[in-house]
Amino acid sequence: MDATLLAAATAIAFIALLFARAAIHKVFDFTAFTGFVADYRLVPASMARPLAALVAAAEIAAVLALIVPGGQAVGAILAAGLLLAYAGGMAVNLRRGRDRIECGCGGAPQPLGWLLVGRNLVLAAIAGTAAAVPLSVPGLAGTLVVTLGGLTGFAAYLLAEQILANAAFIGIRR
């Protein structure tokens with residue numbers, strides 16, 4: 001098995017899990033997510049709900065493309081674009097001095113910070129790099145390696161996210 005191919009497929013699995021979790025958070029708590037979108041003040045208040053719906057739909061589309069054979073490159077490019085847009089929205093607000101906004105990423109609550117912008121840039125690079133590799137995982141062993149690798153990466157991401165959330169919470173309480 002080609003290591004580059006396995007790494008790209010593992011990245012696709014990780015990004016699919018990441019966006020599935022984010023989309024589930026947005027869809028099942030759409031009112032809260034709409035509030036997060038409004039808090040960013042990037043669009044007029046009347047556009048917060050339609051933008052929130054568009055973002056949730058785009059995340060679902062990215063996940064579907066990532067898991068449909070032949071759609072991985074499109075899904076990875078969509079995911080990378082979304083992550084870059086999220087990083088941009090965060091950066092705009094941080095430059096405005098607005099760092100007490102919940103990121104709206106899903107999972108542990110996190111106020112905006114440059115670390116989150118960097119995280120999204122790294123995730124966008126992972127998705128973009130994975131999009132550049134033609135994907136076909138050979139056999140059951142390759143599928144197992146990719147699945148376990150994606151799950152391991154996702155578990156590590158969740159742990160890092162919780163550590164960042166805890167650090168932000170401790171910083172706010174001081």
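The helices (runs of 4 or more DSSP H) found entirely in the stretch 27-136 that carry 1 or more residues being closer than 30 Å to residue 4 by Cα and polar (S, T, N, Q) are 72-95, 114-131.
So is residue 109 in contact with a Cys (Cβ under 9 Å, 6 or more places away or on another chain) and at pLDDT below 80 or not? When the stated conditions are applied, residue 109 passes them. For the stretch 62-71, the criterion of being at pLDDT 95 or above, within 30 Å of residue 170 (Cβ to Cβ) and of a type outside the set (Gly, Ala, Ser) is satisfied by no residue at all.
Every residue, every condition in (1) over 19 Å from the mean Cα position of the chain (by Cα); (2) crowded, with 19+ Cβ neighbours inside 10 Å, yes or no:
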{"position": "77", "(1), (2)": "no, no"}
{"position": "86", "(1), (2)": "no, yes"}
{"position": "115", "(1), (2)": "no, no"}
{"position": "139", "(1), (2)": "yes, no"}
{"position": "143", "(1), (2)": "yes, no"}
{"position": "150", "(1), (2)": "no, yes"}
{"position": "164", "(1), (2)": "no, no"}
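Yes or no: residue 163 farther than 17 Å from residue 17 by Cβ, without any contact (Cβ under 8 Å) to a residue 12 or more places away in the chain and part of a helix (DSSP H, G or I)? Against the criterion (farther than 17 Å from residue 17 by Cβ, without any contact (Cβ under 8 Å) to a residue 12 or more places away in the chain and part of a helix (DSSP H, G or I)), residue 163 qualifies.
The values are calculated or read from the model by the stated rules, or taken from the named source; none is laboratory data. Predicted, not measured: the structure shown is a model, and the values here were computed from it. Cβ coordinates were reconstructed from backbone atoms using ideal geometry, including for glycine residues, and neighbour counts include every protein chain displayed.
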